[in-house]
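Chemist: I have a structure here, written as structure tokens, and I will follow up with some questions on it.
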Amino acid sequence: RRLEIARALATEPEVLLLDEPFAALDDLLRQQLNEELLRIWTAQHWTGLFVTHNVAEAVFLSQRVLVMSKRPGHIVDEISIDLPNRADPIARRSDPKVGGYVNRLMERLGIGEPERASA
């Protein structure tokens with residue numbers, strides 16, 4: 001995965017599309033690559049469009065998260081992520097605001113809602 005990202009960045013793109021680049025990885029390696037990606041972004045400041053189904057990953061990597069609906073897909077929410085310490089992944093992960101962003105995204109996605117009793 002590192003090599004694929006390095007190849008993409010070698011062309012110095014203005015915008016880089018990353019569609020579920022770490023989906024097949026275990027959680028530990030995924031977090032390491034998220035930190036590496038954030039480090040590279042901090043150094044180079046390219047624009048990335050990162051597609052993921054992992055809510056915590058979206059919050060960790062993003063300055064802005066767009067939430068899409070089911071089919072037909074359209075944007076239903078836009079959440080600005082205001083977390084400091086882009087260069088310090090430990091501080092970023094442990095920021096007290098992370099939980100609020102994750103909860104808001106989970107609510108917007110309908111994850112964790114109680115079962116509704118059928119009438």
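The values are calculated or read from the model by the stated rules, or taken from the named source; none is laboratory data. Everything numeric here is computed off the predicted structure, so don't read it as measured data. FYI the Cβ positions are ideal-geometry reconstructions off the backbone, even for glycines, and counts take in every protein chain you see. Side chains are part of the model used for accessible areas, which takes the heavy atoms of the whole protein and leaves out ligands, DNA and RNA. Shrake-Rupley method; radii C 1.70, N 1.55, O 1.52, S 1.80 Å.
Chemist: Near the amide H of Val51, under 5 Å away, which other amide H atoms are found, from residues 5 or more places off or on another chain, if H is placed in the peptide plane?
Modeler: When sequence neighbours closer than 5 places are left aside, the close amide H contacts are Leu18, Asp19, Glu20.
Chemist: For Asp77, what residues show an amide H to amide H distance below 5 Å, using hydrogens built from the backbone and excluding near sequence neighbours?
Modeler: Here the answer is Val67, since their amide H atoms fall under 5 Å of that of Asp77.
Chemist: Kindly provide the helix-only [θ] at 222 nm of the chain, computed as the sum of -39,500 (n - 2.57) over DSSP H runs of four or more divided by all residues, to the nearest 500 deg cm²/dmol?
Modeler: On the way: 5 runs with 53 residues, N = 119.
After summing the helix terms and dividing by residue count, I get -13500 deg cm²/dmol.
Chemist: Under unit Cβ charges (Lys, Arg +1; Asp, Glu -1), what dipole magnitude, rounded to 20 debye, does the chain have relative to its Cα centre?
Modeler: Details: 15 positive and 18 negative charges, 14 e Å.
The calculation lands at about 60 debye.
Chemist: Between (i) 2, 12, 24, 27, 22, 10, 2, 0; (ii) 2, 11, 18, 18, 15, 10, 8, 7, 6, 4, 2, 0; (iii) 2, 9, 20, 22, 20, 14, 7, 3, 2, 1, 1, 0, which matches P(r) over Cα pairs in 5 Å bins from 0, in percent calculated for the structure shown?
Modeler: Only one listed value fits the structure, namely (iii).
Chemist: Give me the percent of accessible area attributable to carbon and sulfur for the chain, probe 1.4 angstrom.
Modeler: Working: 4380 of 8270 Å².
Carbon and sulfur atoms account for 53 percent of the accessible area of the chain.
Chemist: Given a Förster distance of 25 Å, report the FRET efficiency between Arg64 and Leu25 from their Cβ-Cβ distance, rounded to the nearest 0.05.
Modeler: Numbers: r = 24 Å, r/R0 = 0.96.
E between Arg64 and Leu25, to the nearest 0.05, is 0.55.
Chemist: Quick check for you: with a 1.4 Å probe and neighbouring chains kept, what is the accessible area per residue of the chain, in Å²? Could you put the intermediate results ahead of the total?
Modeler: Details: 8270 Å² over 119 residues.
Ligands and nucleic acids excluded, the figure is 70 Å² per residue.
Chemist: In what order, largest first, do Met68, Met106 sit by accessible area if the probe radius is 1.4 Å?
Modeler: Met68, Met106
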